[in-house]
Amino acid sequence: MRLGVLDVGSNTVHLLVVDAHRGAHPTPMHDDRWLLRLAEQIGEDGVLSKAGEKALLKAVLEACEQAEQQGCDELLAMVTSAIRDASNGQEVLDRVTESTGVEFQVLTGEDEARLTFLAVRRWFGWSAGRLLVLDIGGGSLELASGVDEDPDVALSLPLGAGRMTRRFLPEAHVGGRPDLAALGKLDSYATELLTPGAKKLRGAGRPDIVAATSKTFRTLARLTGAAPYSAGLQVPRELTADGLDQLVGFVSRIESAALAELRGVSPDRAHQVPAGAVVAAATMRALDVRCVRICPWALREGVILRRLDSLGGV
């Protein structure tokens, strides 16, 4: 069957179309995204702006048109931290559903952690043993650990790269250089928030493999020498703590406008790289992790796999 997954995130609305059936490897057939930065459209009062809602509606309509053109049998739509955080998020979704017919599932942070963990487990297989999975999104950081397909521990913390950029490094939005004092404050803030969760994760057992997913971790790995995306999904990629520490020092001394020109960095997310690097470093330090393996599957693949599992013998 052909499935479409529509992921409404903090930075982008992402449509992924795959051919798959239960027990099979989902084969990507179409991929498109719309840069909306919905999290930046939420005011201090917590309300998603009318402009943000209008942009979301337009993107969903275009995604529905593409899904129809691709012959999708089903479109699975989900929203994560940006809409989840907005005080009028459900009202906005209700209006978008009324206009498009698309029913959205609002995922909790723990939902995200569990679905991402499922995707990573399927990618690495049972031989990976106990997995520890790290995922930095735009609004939140998801952490999960376990030996099965459902993790023993699944956590979500408000440490997304976009959220931390807006809070600590606003100058990055206009192409500026990160403030060193602000980077230090971000590191301290992340370390404090991570401490209780890290203790719980370490108590769950020592992982055999630590894996990281998401655009942020892929970008950080690429900047420290990992193979480019064009080399293929099967190529092993890693991010070491030593390499990350060096990268933090580098990105703290370069304007985000210049960072956007480097290979492996998306121009639309370059300003979030310093915050993402600091959060990643604080996370690996809190968990006493020296190296992570980059997994190309993440939340969207987890949603697809969970849906296929629900079909039974179909």
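How much length would be gained if the chain were fully extended between residue 50 and residue 291, taking 0.36 nm per residue of separation minus their Cα-Cα distance, in nm to one decimal?
Between residue 50 and residue 291, full extension yields an extra 82.5 nm.
Relative contact order for the chain: what is it in percent, counting Cα pairs under 8 Å that are at least 6 residues apart?
Here the relative contact order equals 19 percent.
Would you be so kind as to identify all helices of the chain, as entire DSSP H runs, whose Cα atoms reach 24 Å or more along the helix's own axis and whose mean Kyte-Doolittle hydropathy is at least 1.0?
none
Can you classify the stretch 1-59 as rounded, prolate or oblate using the Cα gyration tensor, where a ≥ b ≥ c are the square roots of its eigenvalues, rounded means a/c under 1.5, and otherwise it's prolate if a/b beats b/c and oblate if not?
prolate
What spacing in nm lies between the two simple spin-label points modelled at residue 310 and residue 29, each 7 Å away from Cα in the Cβ direction?
My value for the distance between the label points is 2.0 nm.
What's the FRET efficiency of residue 204 with residue 250 using the Cβ-Cβ distance as r and R₀ = 25 Å, to the nearest 0.05?
0.15
Please state the equivalent ellipsoid semi-axes for the stretch 1-151: what are the square roots of 5 times the Cα gyration tensor eigenvalues, largest first, in whole Å?
Over the Cα atoms of the stretch 1-151, the semi-axes work out to 27, 21, 11 Å.
Normalised by the number of residues in the stretch 1-155, what is the relative contact order in percent for Cα pairs under 8 Å and 6+ residues apart?
20
Cα convex hull of the stretch 189-261: mean projected area in nm², to one decimal?
6.6
So for the stretch 200-314, what are the equivalent ellipsoid semi-axes in whole Å, largest first, each being the square root of 5 times an eigenvalue of the Cα gyration tensor?
27, 20, 13
With the other protein chains left in place, how much accessible area per residue, in square angstrom, belongs to the chain at a 1.4 angstrom probe?
Accessible area per residue: 44 Å².
Step by step: find N for the stretch 89-216, compute 2.2 N^0.38 Å, then divide the Cα radius of gyration by it. What's the final number?
1.24
Over the chain, with a single point scatterer placed on each C-alpha, what log10 of the ratio I(q)/I(0) does the Debye formula yield at q = 0.06, 0.09, 0.10, 0.11 1/Å?
Rounded to two decimals, the profile gives -0.19, -0.43, -0.54, -0.66.
Using the Cα centre of the chain as the reference point, and only Cβ charges (+1 on K/R, -1 on D/E), how large is the resulting charge dipole? Debye, rounded to the nearest 20.
920
The stretch 24-56 to the stretch 231-309: how many Å between their Cα centroids?
Each part's Cα centre sits 21 Å from the other's.
The values are calculated or read from the model by the stated rules, or taken from the named source; none is laboratory data. Computed from a prediction, not measured in an experiment: that's the story for all the values here. Here the Cβ is made from the backbone with ideal geometry for all residues, glycine too, and neighbour counts use every protein chain on show. The accessibility values were calculated without ligands, DNA or RNA, using every heavy atom of the protein model including side chains. Shrake-Rupley method; radii C 1.70, N 1.55, O 1.52, S 1.80 Å.
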